[in-house]
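Enquirer: I'd like to ask some things about the structure below.
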Amino acid sequence: LVVTGECPTVGVAGGLVQGGGHGPLTPLHGMAADNALEFEAITADGEYVIANADENPDLFFGLKGGGPSSYAVVTSVTFRTYAEEKAAGGVLYINSTLTEDEDVFWEGVRVFHKWSNHLVDNGLYVYFELGAMMLEVQPFVAVGKTQGELDKILEPMLAELKASNVSFEHSTKEFGTFFDLYIDLFLDEEAGRHTLTGGWLFAHSDVEKRNDQIVDAFKTVINPREDLKGLGYIVGHLFNAGHSWPEANSATHPVWRNGTDFVISVLFVPVGATLEQKADLQDVLTNIQDEALRRAGPDGATYVNEADPYQANWQEHFWGPLYPTLFDLRKKWDPEGVFYAVSTPGTEGWEEIEYGTRLCKKL
């Protein structure tokens, strides 16, 4: 096994590891960046280099989560591998087929999310999607655990849902390998949708102290404005990268080591939308949807690979106290600014103009 993303088409050696990289194995084995042992790369001046703990260690550090398309062109990565393990998985559904009462539905969401710290503290990875009157938790992932162990972990959450008179569907099962679980329980990815995406990582302390505010923020994401009711969506990932890997010599934001829920906020964009419509929807994503998430999770951060690149203070949100080091690293390895990706270290001197069609140095 190798730590990769949940989506099977993720480019492991590219944006995934260079942005940090989370996936279903992260509770057990950390981020993808934690598991990189060596990079082969081409520098901005065309030199072939090897980067590992002994050779070019500063570049090695930056490539492990310090931002994609920033320091060098990666041609190869060597990762740690792990033995396959048994796994248990499960699903939970709360939707309009089971209840038409919005208050009851949102109480179900509140109870589910209230137990998210408990779930990640027990080493689970949980993937969920939340939309208008639809909560689909598929799957709960418990690598190395039996079905009985997973059932015991989920028991208090399910008991509170029942006590709150929330109707739901739920099941669990056991698999011989994690791969078998992945094939059986993870849904196929969709294509062809037009969306804007943002997101926020809620820290353990955010969920502990402000779960009700977080759920209120979820409501704002799904219904961001009167004319956009039901056009927002959330893709959630419950996990704590620090559960089995509390410290890492990588450029990933320290909040990952005490995180609980990384949510991707989504806003659907009409096919054929004008530039003015797109600009308006981008403003909604940045200043209504994601702002609600940030206010509900002041101890959190976010993830450069799955976030709104146009948010203010992206340096702090993506890398926190590590940003000055990464800024200097970028100037060392790419002094002429050969590489570029929006909102990555050292790009403050550039600006995109004419609706992102031209890249110019700021005057």
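Enquirer: Out of everything in the range 105-152 that is more than 17 Å from the chain's Cα centre (by Cα) and of a type in the set (Val, Ile, Thr), what residue ends up being surrounded by the most Cβ atoms within 10 Å (Cβ to Cβ)?
Expert: 143
Enquirer: Still on this structure, please answer the following. Looking at the range 214-240, which of the residues that are part of a loop (DSSP other than H, G, I, E, B) and among the charged types (D, E, K, R) is surrounded by the most Cβ atoms within 10 Å (Cβ to Cβ)?
Expert: 225
Enquirer: Related question: What tally of residues in the range 140-172 results from selecting those that are farther than 20 Å from residue 29 by Cα, out of contact with any Ser or Thr (no Cβ under 7 Å at 6 or more places or on another chain) and either among the acidic types (Asp, Glu) or modelled with pLDDT under 95 (or both)?
Expert: Qualifying residue count for the region: 3.
Enquirer: Taking the conditions exactly as written (in contact with a Gly (Cβ under 9 Å, 6 or more places away or on another chain) and within 30 Å of residue 345 (Cα to Cα)), does residue 88 satisfy them or not?
Expert: Against the criterion (in contact with a Gly (Cβ under 9 Å, 6 or more places away or on another chain) and within 30 Å of residue 345 (Cα to Cα)), residue 88 does not qualify.
Enquirer: Another question, then. Given the conditions (1) crowded, with 17+ Cβ neighbours inside 10 Å; (2) free of Cβ contacts under 8 Å to residues at least 24 places away in the same chain; (3) not aliphatic (A, V, I, L, M), and given that residue 331 satisfies all but one, which numbered condition is not satisfied?
Expert: Result: residue 331 fails condition (1) only.
Enquirer: What number of residues in the range 1-19 are touching an Asp or Glu at 6+ places or on another chain (Cβ under 9 Å) and crowded, with 24+ Cβ neighbours inside 10 Å?
Expert: Adding up the residues that qualify gives 2.
Enquirer: Yes or no: residue 192 of a type in the set (Gly, Ala, Ser), without any contact (Cβ under 8 Å) to a residue 40 or more places away in the chain and outside the structural domain of residue 111 (by TED's automatic domain parsing)?
Expert: Considered against the rule, which asks whether it is of a type in the set (Gly, Ala, Ser), without any contact (Cβ under 8 Å) to a residue 40 or more places away in the chain and outside the structural domain of residue 111 (by TED's automatic domain parsing), residue 192 comes out as yes.
Enquirer: Do the conditions hold for residue 234, that is, is it β-branched (Val, Ile, Thr), outside the structural domain of residue 34 (by TED's automatic domain parsing) and touching a helix residue (DSSP H, G or I) at 6+ places or on another chain (Cβ under 7 Å)?
Expert: yes
Enquirer: Among the residues of the range 241-254, which ones are at pLDDT 95 or above and surrounded by fewer than 23 Cβ atoms within 10 Å (Cβ to Cβ)?
Expert: 242, 243, 254
Enquirer: Follow-up. Checking the condition closer than 15 Å to residue 249 by Cα, touching a helix residue (DSSP H, G or I) at 6+ places or on another chain (Cβ under 8 Å) and either of a type in the set (Lys, Arg) or not in a helix (DSSP H, G or I) (or both), which residue from 5, 21 passes?
Expert: Criteria check complete, one pass: 21.
The values are calculated or read from the model by the stated rules, or taken from the named source; none is laboratory data. Everything numeric in this text was worked out from a predicted model, so none of it was measured. For neighbour counting, all protein chains shown are included, and Cβ atoms are generated from backbone atoms with ideal geometry for every residue, glycine included.
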